[in-house]
Amino acid sequence: MIEKVDHIGIAVRDLKEAVAIYESILGLELAGYETVDEQKVRVAKMHGGPDCIELLEPSSADSPIARFLEARGPGIHHICLRVDDIETTLARFKERGLRLIDEEPRIGAGGCRIAFVHPKSTGGVLIELSEKKS
């Protein structure tokens with residue numbers, strides 16, 4: 001079911017500034033940038049060994065990341081868990097009473113199939129599920 005923590009998503013106001021901090025001060029390596037139009041977000045993937053942090057900058061004022069920044073400011077937005085079968089995982093979570101934001105997977109960064117679990121059912125933490133593309 002759950003294979004590992006895939007990444008931690010961090011909401012930022014300025015992607016270029018955040019990348020500079022994570023590279024020069026924290027020593028993480030920039031793996032690349034991507035724009036995910038469907039989610040209205042620009043992503044910078046930062047690696048520290050096998051671990052990944054995604055820095056998330058809104059590409060539109062009405063994006064979920066823009067709303068998050070407005071309400072809470074910069075910081076941890078979500079934890080992403082890699083799963084081997086996203087449909088089965090969603091069905092199990094729903095059976096167990098978790099509130100799903102996405103009943104069906106959609107395409108996220110890197111072409112992965114993703115879905116979100118509502119933080120009200122996970123102790124206040126937004127959980128993203130990610131299934132790597134084949």
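In region 99-121, which residues are modelled with pLDDT of 95 or more, within 15 Å of the chain's Cα centre (by Cα) and not in a strand (DSSP E or B)?
101, 102, 105, 118, 119
Just checking, which of 38, 54 is within 21 Å of residue 129 (Cα to Cα), buried (at least 19 other Cβ atoms within 10 Å of the Cβ) and in contact with a Lys or Arg (Cβ under 8 Å, 6 or more places away or on another chain)? Break it down into steps so the answer makes sense when it comes.
Values: 38 fails: buried (at least 19 other Cβ atoms within 10 Å of the Cβ).
Going through 38, 54 in turn, the sole match is 54.
Identify all residues within region 32-65 that are among the aliphatic types (A, V, I, L, M) and closer than 18 Å to residue 78 by Cβ; write none if there are none.
Passing the criteria: 36, 41, 43, 44, 46, 53, 55, 56, 65.
All but one of (1) more than 19 Å from residue 132 (Cα to Cα); (2) surrounded by 12 or more Cβ atoms within 10 Å (Cβ to Cβ) hold for residue 75; which doesn't?
(2)
Within region 84-97, identify whether any single residue is within 21 Å of residue 32 (Cβ to Cβ) and of a type in the set (Lys, Arg), and answer yes or no.
no
Filter region 59-100 down to the residues that are within 14 Å of residue 121 (Cα to Cα), of a type outside the set (Lys, Arg) and free of Cβ contacts under 8 Å to residues at least 24 places away in the same chain and list them by number.
Selection gives 95, 100.
For region 79-98, name all the residues that are part of a strand (DSSP E or B) and either charged (D, E, K, R) or exposed (fewer than 12 other Cβ atoms within 10 Å of the Cβ) (or both).
82
Checking residue 27 against (1) at positive phi; (2) outside any loop (DSSP other than H, G, I, E, B), which single condition isn't satisfied?
(2) is the only condition that residue 27 fails.
The values are calculated or read from the model by the stated rules, or taken from the named source; none is laboratory data. These numbers were taken from a predicted model, which means no experiment stands behind them. No Cβ is skipped: glycine too gets one built from the backbone with ideal geometry, and neighbour counts run over all protein chains shown.
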